[in-house]
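**Q** Mind having a look at this structure? Questions to follow.
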Amino acid sequence: MRYEESKIEGRNPVIEAFRSGKTVDKLFVLDGCQDGPIHTILREAKKRDTMVHFVSKERLDQMSQTKHHQGVIAVCAAYAYAQVEDILKLAREKGEDPFIILLDGIEDPHNLGAILRTANLAGAHGIIIPKNRAVGLTPTVAKVSAGAINYTPVARVTNMAAAIESLKKEGLWFACADMDGELMYRQNLKGPIGLVIGNEGSGVSRLVKEKCDFTISVPMKGDIDSLNASVAAGVLAYEIVRQRLG
């Protein structure tokens, strides 16, 4: 299956996209442009916490498919986002303890797509990602997920630490993936759980890690120091599956 990137170009089309409620992942605006329509677009983007990039005309020309971008291009999600409540509702409907994977700053669409695929097969009820400084539901993510994007809900939140605090009130415990954490086999991963996976380079941010109840690690015997983020997510997710089945 082939997924086309969803781009909206031009001032009026972008304004209408925002006002119609369409999910805009990223906004690219000509650096230095200060006219009325651009101010309107930036105001709409701010209301929705849309990530804004100020770029050169050359960059916009390279991105443009219509060649009539008028100094602004919006990149829209390939698929609609869910709400966190939708994920909890899915767990309730299945009669299962919630199992949620939270991704703190995953930037590579191939990693997000692979984690989506694993989450679906491991029975996770959904994924939570941050709105900023992270990849969204792009066409590449959709393709790599091998169809899982159609079945596993993905919610976006403005503040990951606050989302964890809110979910704790729903009874979830949070396990943070960390190379220095306790071996996954030695932690009790049963019951309502959130598995937190960090950025490919810097790992889980300090604030988010502090909100977690404990840290877990994958045993490693080789000569390099870490696993790819999507591989680590898969190994840890299936340890949760093993303990649930046991």
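The values are calculated or read from the model by the stated rules, or taken from the named source; none is laboratory data. Keep in mind the model is a prediction, meaning the values are calculated, not measured. Cβ placement follows ideal geometry from the backbone for every residue including glycine, while neighbour counts extend to all protein chains displayed. Calculation scope for accessible area: heavy atoms of the full protein, side chains included, ligands and nucleic acids excluded. Shrake-Rupley method; radii C 1.70, N 1.55, O 1.52, S 1.80 Å.
**Q** For the stretch 16-64 and the stretch 194-246, what is the separation of their C-alpha centers, rounded to whole Å?
**A** Here the two parts' Cα centres lie 35 Å apart.
**Q** If the elastic network links every pair of Cα atoms under 10 Å, which of Lys168, Lys67, Lys131 fluctuates the most in the Gaussian network model of the chain?
**A** For the chain, modelled as a Gaussian network with Cα springs under 10 Å, the answer is Lys67.
**Q** Take the chain, compute every pairwise Cα distance, and split them into 10 Å bins from 0; I just need the percent in each bin.
**A** Histogram of Cα-Cα distances, whole percents per bin: 7, 30, 32, 19, 10, 2, 0.
**Q** Also, I was wondering about something else. Stretch Ser56-Gln243 to full length: gain in nm at 0.36 nm per residue minus the Cα-Cα span?
**A** Length gained between Ser56 and Gln243: 62.2 nm.
**Q** Something else now. I want to check the label-to-label distance for Lys221 and Glu85. Put each point 7 Å from Cα in the C-beta direction and report it in nm to one decimal.
**A** 4.9 nm
**Q** Suppose accessible area is computed on protein heavy atoms with a 1.4 Å probe; arrange His69, His53 from highest to lowest.
**A** Of His69, His53, the descending order of accessible area is His53, His69.
**Q** If you take the C-alpha gyration tensor of the stretch 91-134, multiply each eigenvalue by 5 and take the square root, what semi-axes do you get, largest first, in whole Å?
**A** Equivalent ellipsoid of the stretch 91-134: 22, 12, 6 Å, largest first.
**Q** Quick one: what do you get for the stretch 1-96 if you divide its Cα Rg by 2.2 N^0.38 Å? Please list the in-between numbers first.
**A** Details: Rg = 16.2 Å, N = 96, 2.2 N^0.38 = 12.5 Å.
Relative to the 2.2 N^0.38 Å estimate, the stretch 1-96 comes out at 1.30.
**Q** Can you tell me what percent of all Cα-Cα pairs in the stretch 152-209 are more than 13 Å apart? Intermediate results must be reported in sequence, preceding the final value.
**A** Numbers: 1106 of 1653 pairs.
Tail fraction, whole percent: 67.
**Q** R0 = 35 Å: FRET efficiency of Val235 with Asp49, Cβ-based, nearest 0.05? Intermediate values should be presented prior to the final figure.
**A** Numbers: r = 32 Å, r/R0 = 0.92.
E(calc), rounded to 0.05, equals 0.60.
**Q** Then there's this: Separation between the Phe214 and Asn228 pseudo-spin-labels, each 7 Å from Cα along Cα→Cβ, expressed in nm?
**A** It works out to 2.9 nm between the two label points.
**Q** Would you calculate a helix-derived [θ] at 222 nm for the chain, using -39,500 (n - 2.57) for each DSSP H run of n ≥ 4 and dividing by the full residue count, to the nearest 500?
**A** On the way: 9 runs with 90 residues, N = 246.
My calculation for the chain gives -10500 deg cm²/dmol from helical runs alone.
**Q** Another one. Given the options Lys221, Lys89, Lys143, state which has the largest fluctuation in a GNM of the chain using a 10 Å cut-off (strictly under) for Cα springs.
**A** It is Lys221.
**Q** Further, regarding this structure: For each pair in Lys46/Lys143; Lys143/Lys169; Lys22/Lys89; Lys46/Lys94; Lys143/Lys221, compute the distance between the two Cα atoms and list the pairs where it is over 27 Å.
**A** Check vs 27 Å cut-off fails for Lys46/Lys143; Lys143/Lys169; Lys46/Lys94; Lys143/Lys221.
**Q** Mind giving me the nanometre distance, one decimal, between the label points for Arg206 and Glu170, set 7 Å out from Cα along Cα→Cβ?
**A** That separation, rounded to one decimal, is 2.9 nm.
**Q** Further question: Report the full-extension gain for the segment His110 to Thr40: residue separation times 0.36 nm, less the Cα-Cα distance, to one decimal in nm.
**A** Values: separation 70, 0.36 × 70 = 25.20 nm, distance 3.36 nm.
Computed gain between His110 and Thr40 is 21.8 nm.
**Q** Once both axes come from the Cα atoms, what is the angle between helix 36-47 and the longest principal axis of the chain, in degrees from 0 to 90, rounded to 10?
**A** Rounded to the nearest ten degrees, it is 10.
**Q** For the chain, list the cysteines whose Cβ sits under 4.7 Å from no other cysteine Cβ?
**A** Lone cysteines by the Cβ rule: Cys33, Cys76.
**Q** Here is a follow-up. Using protein chains only and a probe of 1.4 angstrom, how many square angstrom of Tyr238 are accessible, to the nearest 10?
**A** 100 Å²
**Q** Might you tell me the accessible area per residue for the chain, computed with a 1.4 Å probe and given in Å²?
**A** Per-residue value: 51 Å².
**Q** In whole percent, what relative contact order does the stretch 124-246 give with Cα contacts below 8 Å and a gap of six or more residues?
**A** Relative contact order comes out at 25 percent.
**Q** Follow-up question, since we're still on this one. Most mobile of Gly222, Gly234, Gly32 per a Gaussian network model of the chain (Cα springs, under 10 Å)?
**A** Top of the fluctuation ranking is Gly222.
**Q** May I pose another question? Expected output is a single nm value to one decimal: the length gained when fully extending between Thr66 and Lys22, i.e. 0.36 nm times separation in residues minus the C-alpha distance. What is it?
**A** In short, 13.9 nm is gained.
**Q** What's the magnitude of the charge dipole for the stretch 91-204 around its Cα centre, counting Lys and Arg as +1 and Asp and Glu as -1 at the beta-carbon? Answer in Debye, nearest 20.
**A** Once rounded to the nearest 20, the dipole reads 340 debye.
**Q** In whole percent, and with a 1.4 Å probe on the protein chains, what portion of the accessible area of the chain is carbon and sulfur?
**A** 48 percent
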